[in-house]
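Below you'll find the structure, written out as C-alpha cells, and then a few comments.
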Amino acid sequence: MSPTTKVAQSAAGPASAGTSTTPTTGDTDAVTEAAAAVAAGSAAAVTEGSLGGSAGASGGGSGAANRGPATDYAEYRVVPARHPWRWVGTAVVALGVAGIAWSLATNPRWEWGVVAQWFTAKSIVDGLLETLKLTAISGILGFILGFILALMRLSASPLLVSVSWTFSWIFRSTPLLVQMLLWYNLGYLYEKISLGIPFTDVRFFEIQTTTLISQFAAAVLGLTLNQAAYSAEIIRGGILSVDQGQLEAASALGIPAWRRSTRIVLPQAMRAILPTAFNEIIGLVKGTSIVYVLAYSELFYTIQVIYNRTQQVLPLLLVATLWYVVITSVLSVFQYYIERYYSKGAVRTLPLTPLQKACRFLSIHALSADNSAKVTR
Amino acid sequence: MSIIATDIPAATGGAGVPAAGPTRGLVEITKVRKSFGAVEVLKGITLTVEPGGVAVIVGPSGSGKSTLLRTINHLEKVDGGFIAIDGTLVGYEVRGSTLHELREKDVLKQRTEIGMVFQNFNLFPHLTALENVTEAPVVAPRSGKPRLSKAQARERGLELLDRVGLKDRAGAYPRQLSGGQQQRVAIARALALEPKILLFDEPTSALDPELVNEVLDVIRGLAKSGTTLIIVTHEMGFARDVADTVVFMDQGQIVEQGSPQDIFSNPREERTRSFFSKVIEPAFNI
Ligand SMILES: Nc1ncnc2c1ncn2[C@@H]1O[C@H](COP(=O)(O)OP(=O)(O)OP(=O)(O)O)[C@@H](O)[C@H]1O
Ligand SMILES: [Mg+2]
C-alpha cells in the first residue's frame, strides 16, 4: 500500500488535515509528494478561515507529549509552519492594488476611450515599427562594434588599446543629443565624403554628405556609436570576470585563439554581460525617442504630433507608455530565458521556468482538490 | 578505486598509445632561466627525462616548480636556456644560427603534444564532462595527425572517461562533480590529444584526503603506459611509488636528483634532508 494514498485521503478536508502520516520507507519521491499534499491540505484549512488553526497547533502539542522511548518520528504527522503576518501583508497589498486599479478604471480623465481609439491606429503602429527598427539595428550594430572595441581594449597592442579607450571616452562624454545633431548636420562641416588614400589625390568614391546622411542614417549612426561605447565596457567587464585559468587551460590544450574567445570565454562572460546588456537595450527602446530632434517619426515623435493636433495629451502619452511596457515585457521574457540558457553548468540545478512552476502549482492543487484516494504520480 | 587501478593498464596497453618509438617523449631542459621582474625564479635548470620516464619534482613552496612546468609547454617564455622535446625546440625554430620565435599557431601545435593537468582543474564549467574532453581534438591543430570529427572525438571521449572511471557521468557539468571526479575529467581531457608528455602540477592538493587516491590511481596507471610524466606533488608516498627520478628543487635550482631510493633514503645534501624531515611524517618509514 502506497503511503501517498494515505496522505491524500487525510488531506481530503480541512478538518482531517491533521491526520496525515509520513511514510516510513526511504522512497524520497513518495516523501516529497506526501509533504506537498500535506501542505496543500493545510492551505485548504487556512482558506476556510482558521488562520493558524487550532487543530494544527494542538496536534503538534500532542505529538511532543506522546514521545515514546523509541524516537522513531516516521509515524508522526507533519504540521507545516504557519505565517499569519504573511497573510496580513498580502491582504494589505491586495487592497492597495485594488484601489489603484479602481481609480484607473473609473476616473474619466484618463480617457480610456481615446486610448483605445489610438492604441492601434495606423500612424502609431507605423511609429512603433520605426522604434523597433531603430532599436534592433542600433542595438545589434552597437553590440557588435562594442565587442570589437572590448577586444581591442584587452589586446596587447598599445595602439588598439588607446584607440578603443579614446572612442569610449569621446562618445561617453558627449550628450547623445549633441551627437545626433552633429551627425545630421555633417554636411555643414564636410560637404562631400570620399574614400581614398589620405594625403594623396587618389579617390575611390565620393558622395554629397547630405545624400548619404538621411534622418535615418543620422539616427542609426548616433545611436549605434553611442551604444557601442557603453556596450564595449559591459562586454569588457564580462570578459574580465572569467577566470584566467580558463584561458590558460584552453591554450595548454592547443585551442586556437578565436575559438578560445568564442567557445570558452564568451559563453562564461555572458552571465555577467546579459543583465546589464538587457538594461541597455531596454534603455535604448525608450532612448530612441531622442531622435525627435531630427523630426524622425518613431513612436514618441508620432505621439507628440498627434497630441499637438488633438490636445489629448495624457491619453496619448498613455498609449506610448503602454507600448513601451509591452516591448519591455517581451524583452524581459527573452532575458529570462537567455540568462537561463547561459547559466548552464554555473548552477548545480537549473531553476524551474515560470511555466514549469505553474504546472507544478496546478498539479499540487489538483491533488488537494481531488477528494478521492485516486492519487497517481 | 580498485576498478580504476585495474582498468587502466589493460586499457592503455590497447587503445590510444601508438607504438612507442625510441625517442617518443624525451624532454631535455638545459640551463633554463626565468625572472619575474627583478626576482629570478629559475636559476639555470638542467634536467633530462627519458621517454616513458616518470619524474617527480618536489620542493618547498615558491621554489619554482610550477614555473618550470609552465615553461615546458611554453605557457611561460624562458629568459635563457632552452627546452627540447624529442630534439625539437619548444617555442623556437632553428634557422642557420638564429632562433626564430614560433607563431602562435605552431606553438599551439607543439602544445598538443604536451598535456597539462592543473592544481585547480580548470575544467570549462559551461561544458559537460564529455564536451570538456572532446573540445580540443576537434579544433586544435596537430602536427602529423588530422583533427577528429565530432563523432570520432565523442567516441574517443567516452573511451577516455571510461578509462578514468567516469563513463556514467559524461553528461554532468563540472560543478555537479566531486573534486576527485573533476580532476579525473581533467586528466581525460589532457589525454584526448594523445600527448607524448603529461605535466601534472600538484594534481591532488586541492582535494579532500579521501579523494586523493582515486586521482593518484589514475596517474599510477598512466605511469605504466609509456607516456612521459613530469609530476609536481607533495604526496611523498606516491612519489616514491611511481617515480623513476625524484628531483628536489629549492630557490629556483635543482639541489639534488636521483632514484627515489637515493633521494628519500640517503640524500646527499643537507637542504634535502631538512626538507624531508619536515614533510615526511614519522609513520612513513624509509
Ligand atoms: N606571474 C608571476 N609574476 C611574478 N612572480 C611570479 C609569477 N609567477 C610566479 N611568481 C613567483 O615565482 C616564484 C616561484 O613560483 P612557483 O609558482 O613556480 O612556485 P612553486 O614551487 O610552484 O610553489 P608552490 O609549491 O607553492 O606551488 C614565487 O616566488 C612566485 O611568487
Ligand atoms: Mg606551484
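Would the stretch A:226-243 turn up any residue that is of a type outside the set (D, E, K, R), without any contact (Cβ under 8 Å) to a residue 60 or more places away in the chain and within 11 Å of another protein chain (Cβ to nearest Cβ)?
Yes, the conditions are met somewhere in the stretch A:226-243.
Every residue, every condition in (1) farther than 30 Å from B:F276 by Cα; (2) within 16 Å of ligand 2 (Cβ to nearest atom), yes or no:
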residue: B:K31; (1), (2): no, no
residue: B:K43; (1), (2): no, no
residue: B:T46; (1), (2): no, no
residue: B:P60; (1), (2): no, yes
residue: B:S66; (1), (2): no, yes
residue: B:L108; (1), (2): yes, no
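Under the condition of being of a type outside the set (D, E, K, R) and more than 6 Å from ligand 1 (Cβ to nearest atom), which residue from the stretch B:60-71 is nearest to B:A84 (Cα to Cα)?
In this case the residue turns out to be B:T71.
B:Q119 versus (1) under 17 Å from B:L191 (Cα atoms); (2) open to solvent by less than 40 Å² (accessible area, probe 1.4 Å); (3) in contact with a strand residue (DSSP E or B) (Cβ under 7 Å, 6 or more places away or on another chain): which is the lone unmet condition?
Every condition holds for B:Q119 apart from (2).
Got a sec? Which of B:I45, B:I83 is more than 9 Å from chain A (Cβ to nearest Cβ), within 16 Å of ligand 1 (Cβ to nearest atom) and in contact with a His (Cβ under 9 Å, 6 or more places away or on another chain)?
Exactly one residue qualifies, and that residue is B:I83.
Out of A:T166, A:T135, A:T131, I need the residue that is under 33 Å from the mean Cα position of the chain (by Cα), hydroxyl-bearing (S, T, Y), exposed (fewer than 12 other Cβ atoms within 10 Å of the Cβ) and part of a helix (DSSP H, G or I). Which one?
A:T166
Name the single residue, out of those in the stretch B:166-210 being open to solvent by 10 Å² or more (accessible area, probe 1.4 Å) and under 16 Å from B:R220 (Cβ atoms), that is farthest from ligand 1 (Cβ to nearest atom).
B:L191
If you take the residues of the stretch B:102-116 that are farther than 18 Å from B:P195 by Cα and more than 7 Å from every other protein chain (Cβ to nearest Cβ), which of them is surrounded by the fewest Cβ atoms within 10 Å (Cβ to Cβ)?
For the stretch B:102-116, the residue satisfying everything is B:R103.
So, of the residues in the stretch B:225-238 that are more than 16 Å from ligand 2 (Cβ to nearest atom) and under 29 Å from B:K109 (Cβ atoms), which turns out to be farthest from the other protein chains (Cβ to nearest Cβ)?
B:G226
Kindly list the number of the only condition in (1) in contact (Cβ under 8 Å) with a residue 60 or more places away in the chain; (2) under 28 Å from B:E269 (Cβ atoms); (3) open to solvent by 70 Å² or more (accessible area, probe 1.4 Å); (4) within 16 Å of ligand 2 (Cβ to nearest atom) that fails for B:A55.
Every listed condition holds for B:A55 apart from (3).
Within the stretch B:189-224, can you find the residues that are away from ligand 2 (no atom under 16 Å from the Cβ), over 12 Å from the mean Cα position of the chain (by Cα) and of a type in the set (G, A, S)?
Correct list: B:A192, B:G221.
B:L89 fails exactly one of the following numbered conditions: (1) open to solvent by 40 Å² or more (accessible area, probe 1.4 Å); (2) free of Cβ contacts under 8 Å to residues at least 24 places away in the same chain. What is the number of that condition?
With respect to (1) open to solvent by 40 Å² or more (accessible area, probe 1.4 Å); (2) free of Cβ contacts under 8 Å to residues at least 24 places away in the same chain, B:L89 is out only on (1).
Please go through (1) on the phi > 0 side of the Ramachandran plot; (2) within 16 Å of ligand 1 (Cβ to nearest atom) for B:V78 and return the number of the only condition it doesn't satisfy.
Only one criterion in (1) on the phi > 0 side of the Ramachandran plot; (2) within 16 Å of ligand 1 (Cβ to nearest atom) is unmet by B:V78, namely (1).
The values are calculated or read from the model by the stated rules, or taken from the named source; none is laboratory data. These numbers were taken from a predicted model, which means no experiment stands behind them. Glycine gets a Cβ as well: all are built from the backbone with ideal geometry, and neighbour counts include every protein chain shown. Side chains included, ligands, DNA and RNA excluded: accessible areas come from the protein's heavy atoms. Shrake-Rupley method; radii C 1.70, N 1.55, O 1.52, S 1.80 Å.
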